[in-house]
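Input: a single structure, listed below in structure tokens.
The values are calculated or read from the model by the stated rules, or taken from the named source; none is laboratory data. Being a predicted model, the structure only gives us computed values, none of them experimental. All Cβ positions, even for glycine, are placed from backbone atoms using ideal geometry, and neighbour counts span all protein chains on display.
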Amino acid sequence: MKNTKTCKESLVIKTSRVFPLDTNNHNTLFGGKLMSYIDDVASISAAMHSRCEVVTASTDSVDFLTPIRQSDSVSLKSYVSYVGRSSMEVFVKVIAEDLKTGEKKLAATSFLTFVALDDNGKPVIVPKISPESDEEIMLYNTAEHRIKVRKDRRDHSEAFAKVVML
């Protein structure tokens, strides 16, 4: 296994039409449907980077920026943007395209964290990441802040879980 990989080595692109059954009462794509697409492509990026089984450790954020209409296609682009020891941060951007006009808009962004596992289900070390494009470098350079936010949220969740009744 290579010690360092580029972000583009984990690039996954998925494009789908938005059908009536995919929409809500506003005739826009269900948020849950989009979240399923996001987890799907992000997990493939993480597996491509690590060449291991992976598990979703957290969905760190999903920011819905503009509605995705039934007349749109939806394209998701994901890649590993930062790695720890066995964890990988995956960035997903969602682009909606009006199929009649060709107008494209950034519809959503998301960060997820995955952990690579060996055949016994134990965390395994993953290759480092080498960003190349301006976008990749920006995401890499801002990852430490997201890691801190992620850790603080996890700590809060663990404390909260101790007092929440089942």
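Of note:
- Test: residue in region 61-74 that is within 24 Å of Asp134 (Cα to Cα), crowded, with 19+ Cβ neighbours inside 10 Å, β-branched (Val, Ile, Thr) and touching a residue at least 60 places away in the same chain (Cβ under 8 Å): no
- Residue count for region 101-118, restricted to those that are in a loop (DSSP other than H, G, I, E, B) and touching a residue at least 24 places away in the same chain (Cβ under 8 Å): 1.
- Between Asp22, Asp40, Asp60, the distinction of being touching a strand residue (DSSP E or B) at 6+ places or on another chain (Cβ under 6 Å), closer than 15 Å to Val90 by Cα and acidic (Asp, Glu) belongs to Asp60 only.
- Within region 122-133, the set of residues being touching a residue at least 40 places away in the same chain (Cβ under 8 Å) and more than 29 Å from Ser16 (Cβ to Cβ) comprises Val124, Ile125, Pro127, Lys128, Ser130.
- Any pair with Cβ under 8 angstrom, 6 or more apart, that starts in region 81-94 at a residue that is closer than 13 Å to Asp39 by Cα and ends at one that is modelled with pLDDT under 95 and of a type in the set (A, V, I, L, M, F, W, C): Glu89/Ile147
- Identity of the residue in region 69-100, of a type in the set (Ser, Thr, Tyr) and not in a strand (DSSP E or B), that ends up farthest from the chain's Cα centre (by Cα): Ser71
- Selected residue (only one of Asn120, Asn141 is surrounded by 11 or more Cβ atoms within 10 Å (Cβ to Cβ), among the polar types (S, T, N, Q) and farther than 21 Å from Ile44 by Cβ): Asn141
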